[in-house]
1. With +1 assigned to the C-beta of every Lys and Arg and -1 to the C-beta of every Asp and Glu, and no other charges, what is the dipole magnitude of the chain about the Cα centre in debye, to the nearest 20?
2. Given the chain, what count of lysine pairs have C-alpha atoms under 22 Å apart, with each pair 8 or more places apart or on different chains?
3. Given a Förster radius of 22 Å and the C-beta distance between Met53 and Ile20 as r, what FRET efficiency does 1/(1 + (r/R0)^6) yield to the nearest 0.05?
4. Roughly speaking, what is the stretch gain from Ala104 to Arg67, that is 0.36 nm per residue apart minus the C-alpha to C-alpha distance, in nm to one decimal?
5. So which trypsin sites (Lys or Arg not before Pro) in the stretch 1-54 pass both tests, a DSSP loop state and at most 15 other Cβ atoms within 10 Å of the Cβ?
6. As an exercise, identify the chymotrypsin sites (Phe, Trp or Tyr not before Pro) in the stretch 1-99 lying in DSSP coil whose Cβ has no more than 13 other Cβ atoms within 10 Å.
7. Given the options Glu50, Glu21, Glu76, which has the most mean-square fluctuation in a GNM of the chain, springs set between C-alpha atoms less than 10 angstrom apart?
8. May I ask you to list, by number, the DSSP H helices of the chain whose Cα span along the axis is at least 30 Å and whose average Kyte-Doolittle hydropathy reaches -1.0 or more?
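Rule-based calculations on the coordinates, nothing more; no lab input. As the structure is a prediction and not an experimental result, all values here were calculated from the model. Every residue, glycine as well, gets a Cβ built from its backbone with ideal geometry; the counts of neighbours run over all protein chains shown.
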Amino acid sequence: MTQVDFGASIGLTQAGYSDIERGKNNVSGKIKIMLKQVHQVNLAWLESGEGEMIDSIIPNGEWSPERFADDQKQIENLKLEIDRLNAENKLYRELLDSKLKMIATLEERFGKG
C-alpha cells in the first residue's frame, strides 16, 4: 500500500500522512479513531509502544491477563485523550464566545447592531 492509498484510507493526503510519519505533525484524535476503525491499530501501541500493533478481536474463550492489561491501558489512554479533547473543546468555545462578543461590540460601535 502506498502513502497515497494509506493516507486516503484515514482521510489524509499523501503529504499529510508523510508529515506524520516523519514526525513533523502529531497524530490527531480524529486520525487515531480512523486508524483504529479502518486498520485495527491498537491505540495503546500507537501512543506508548506497548502491546501489539494491530488489535485483533479475541473471543471470550481466549481471554488472557496480558490482553486484559493491554485493554486496561487502552482504556486509560482513551480516557486521557477524551480529557484532552474536552479541555481543547472548552478553549475553542471560549475563543468563539470572545470573538462573538468582539463582533457585537464592533457592530454596536458602528450602529450595525
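1. About 740 debye.
2. The number of close lysine pairs in the chain is 15.
3. After rounding, the FRET efficiency stands at 0.90.
4. Gain in length upon complete extension: 7.9 nm.
5. Qualifying residues, ordered by number: Arg22, Lys24.
6. Listed in order of number, the matching sites are Trp63.
7. Among Glu50, Glu21, Glu76, the largest GNM mean-square fluctuation belongs to Glu21.
8. The qualifying helices are 65-109.
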